[in-house]
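Step one of this worksheet: look at the structure below.
Read the figures in this text as sums done on the coordinates, not as results from a lab. Computed from a prediction, not measured in an experiment: that's the story for all the values here. Cβ atoms come from the backbone with ideal geometry, glycine included; neighbour counts cover every protein chain shown.
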Amino acid sequence: MVLVENHEMVRVGLKKMLAEYPGIRVVGEAEDAPEALKVAESLAPDVVLSEVRLGSTSGLELCQDLLTWCADSRVIMLTVYDDEQYLAQALQAGARGYLLKHISGEELVAAIHRVHAGELVVTSTAGGHAASMVTRIESGEYWPGGRFGLTLRESEVLALIVIGMNNQAIAGRLIVGEETVRTHVRAIYRKLEVNDRTSALATALREGLFQ
């Protein structure tokens, strides 16, 4: 296993903790994405455990790069960010685990073994949608509406339409301009093959996009 964590104290603590468990061996470590790529290419680890945010670099981009150069490695994101967008992006990038740092050592080790065995493991609550998101990921749909070609932002807009928000309210919630929202709404209509808000809502409910 290779550890990727930009905070030295956290990295050292993880390494020390994992050393107490048989069957897990930390063979390398890195504090940023460039160093992690060099270490992973050299060692070809079975598992890479990485933070989502690595200072000025992104663990999400690192995940994609790692799987390009080390296709047999399995990447687990270990983070403090219980965020649905990060979760979706991590799994889309190819991560096989998304774990929060508040989990116990036993839970972390169990998750590492499960991922190494080929499972997809998520401990994030991610707004309560983690379980349904894992199901969508495993079926090739990275977020609600993904199978219709909706982007993550379009999915977010459609979710707000479903709960009855108008364009002005959606713009305020997402902190974007109303014209940007209108552009997303037009794209949603086109991709769902509908002509109005009521039909988009009906399609979202019929297809169970936000269960």
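A few comments on the model shown:
- The condition of being out of contact with any Phe, Trp or Tyr (no Cβ under 9 Å at 6 or more places or on another chain), of a type in the set (Lys, Arg) and not in a helix (DSSP H, G or I) holds for only one of Arg25, Arg11, that being Arg25.
- Checked across the range 38-47, the condition of being among the hydroxyl-bearing types (Ser, Thr, Tyr) and within 25 Å of Glu106 (Cα to Cα) holds for no residue.
- Of the numbered criteria (1) within 30 Å of Glu154 (Cβ to Cβ); (2) hydroxyl-bearing (Ser, Thr, Tyr); (3) touching a residue at least 24 places away in the same chain (Cβ under 8 Å), the one Thr68 fails is (3).
- Total residues in the range 49-74, condition aliphatic (A, V, I, L, M) and over 15 Å from Glu29 (Cβ atoms): 4
- The single condition from (1) buried (at least 21 other Cβ atoms within 10 Å of the Cβ); (2) in contact with a His (Cβ under 7 Å, 6 or more places away or on another chain) that Glu84 fails is (1).
- Residue in the range 75-91 that is touching a residue at least 12 places away in the same chain (Cβ under 8 Å), among the small types (Gly, Ala, Ser) and farther than 17 Å from Lys101 by Cα present: yes
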